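Only one structure is covered here, and it is reproduced in the block below.
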Amino acid sequence: MTDREVAERVAALVGLADNLRMPGHRRSAEECMAAQDEIRSGLRRLHRELTGQDLPRSARPAHDTASLRHTGLQVPAALIRDRARRLRARA
């Protein structure tokens, strides 16, 4: 595989990643998951062709969700002030 072919495949995968959109009123979650799987499989194929070996699967067990939890999202001060304003208006 030449450098040009590698660059073209990487550019194609980057294009797919750039066009990836989250589910909404125009696309379903299944469509988004299919697009993610297409990018993932393309990257794995490219890695296999470049190195000659399969990319190891994630070392993290599938049931480990602790790393996926947010430690606490930052709430902007404007939202806090708006909530307080609405509570004062109700009272």
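Taking θ as phi - 60°, what are the ³J(HN,Hα) couplings along segment 41-51 by the Karplus curve (6.51, -1.76, 1.60), each to the nearest whole Hz, with x for Gly and Pro?
Rounded to whole hertz, the list is 5, x, 5, 5, 4, 4, 4, 5, 6, 6, 9.
Between residue 45 and residue 19, what's the calculated FRET efficiency when r is the beta-carbon distance and R0 is 25 Å? Round to 0.05.
0.85
Any read-out appearing in this document is the output of simple, stated calculations on the displayed coordinates, not a laboratory observation. Not measured: the values here are computed from a predicted model. With ideal geometry, Cβ positions are generated from the backbone for all residues, glycine too; neighbour counts draw on all protein chains shown.
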